[in-house]
Amino acid sequence: MSIFRRNKATEDAEPLADHVDEVSDAATADDATEAPEVTDGADTAWTRGEGPFDHAEVDGREDRVDLGALWVRGVPGMELRLEVDQQSQQVNAATVVLGESALQVQAFAAPRSSGLWDEIRVEISEAVERQGGTVEEHVGDFGPALRTRMPSESGGRTVFAPATFLGVDGPRWFLRGVLSGRAAIDEGAASPLLDVFRTLVVVRGVEPMAPRELLPLRLPTDPRAEAAESEEEEGDGDERRRADPFERGPEITEVR
């Protein structure tokens, strides 16, 4: 799995109000014109106990990448792109790319009493239809989801790029995912990305936050680099001590 940054300017609008404009450009014209029939996901009812998880529900981070509010477990061949606001330099989304498919994920604060996904689905549907797209609600691997097609110009003609919106309500957080590219129309391509989504861990934190406020993400740290830096600093300290044998060591002062 490789990790790299991709700068992306963001608007000042509320994060969950303009989510339709944030869909990855991984979709192609062929995806729009040769979409196979997609069937509903799970045969049995989904429960959040199967994931995604709250950080209190897992035993440590294990092999997940720590992005602050999200812990991401990789799969072979995956690239993890971090979308960074050009002005604030804050990470505002993480996108998992696998072949011709992509999954964008964001986590938001939510109220204690109820979830947000029911409200958000209505907002997404209205936004897509205002822009001339189509929306179909279905029950997928994580409960209600939206299959959308957004119009765009390509080579002087209008094509419809597919995207599938996922939503999960957790304890005081809401997790949103957007499948694009082949994963939006092909169950086989979507399967490994859905596995990534299922194993996500959300770290809500204890600080008070307004509902729909984006949970803070950060660039991941490399534990190996930190360990090497620590060893280097210790080595520099040893060299300094050897170079100055007359340096005063620790002292004990007795106060009577």
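Among what's in segment 101-135 and is surrounded by fewer than 20 Cβ atoms within 10 Å (Cβ to Cβ) and within 20 Å of residue 55 (Cβ to Cβ), pick the residue that is nearest to the chain's Cα centre (by Cα).
Across segment 101-135, the extreme among qualifying residues is 115.
Quick check on segment 157-166. Is at least one of its residues closer than 29 Å to residue 62 by Cα, surrounded by 15 or more Cβ atoms within 10 Å (Cβ to Cβ) and of a type outside the set (Ser, Thr, Tyr)?
yes
Starting from segment 55-81, keep only residues that are of a type in the set (Asp, Glu), then list their pairs with residues that are surrounded by fewer than 16 Cβ atoms within 10 Å (Cβ to Cβ) whose Cβ atoms are within a distance under 6 Å, requiring at least 6 positions of separation or different chains.
79/2
Select from segment 143-156 the residues that are surrounded by 13 or more Cβ atoms within 10 Å (Cβ to Cβ) and either more than 20 Å from residue 101 (Cβ to Cβ) or modelled with pLDDT of 95 or more (or both) and write down the one among them that is farthest from the chain's Cα centre (by Cα).
151
Any idea how many residues of segment 182-210 are in contact (Cβ under 8 Å) with a residue 12 or more places away in the chain, assigned to a loop (DSSP other than H, G, I, E, B) and surrounded by fewer than 16 Cβ atoms within 10 Å (Cβ to Cβ)?
The total comes to 2.
For segment 66-98, what are the residues that are surrounded by fewer than 17 Cβ atoms within 10 Å (Cβ to Cβ) and under 15 Å from the mean Cα position of the chain (by Cα)?
Hits for segment 66-98 are 66, 68, 75, 79, 85, 90.
Here is a list: 179, 219. Which entry is modelled with pLDDT of 95 or more and either touching a strand residue (DSSP E or B) at 6+ places or on another chain (Cβ under 9 Å) or part of a strand (DSSP E or B) (or both)?
179
The values are calculated or read from the model by the stated rules, or taken from the named source; none is laboratory data. Please read these numbers as outputs of a predicted model, since none were measured by experiment. Glycine gets a Cβ as well: all are built from the backbone with ideal geometry, and neighbour counts include every protein chain shown.
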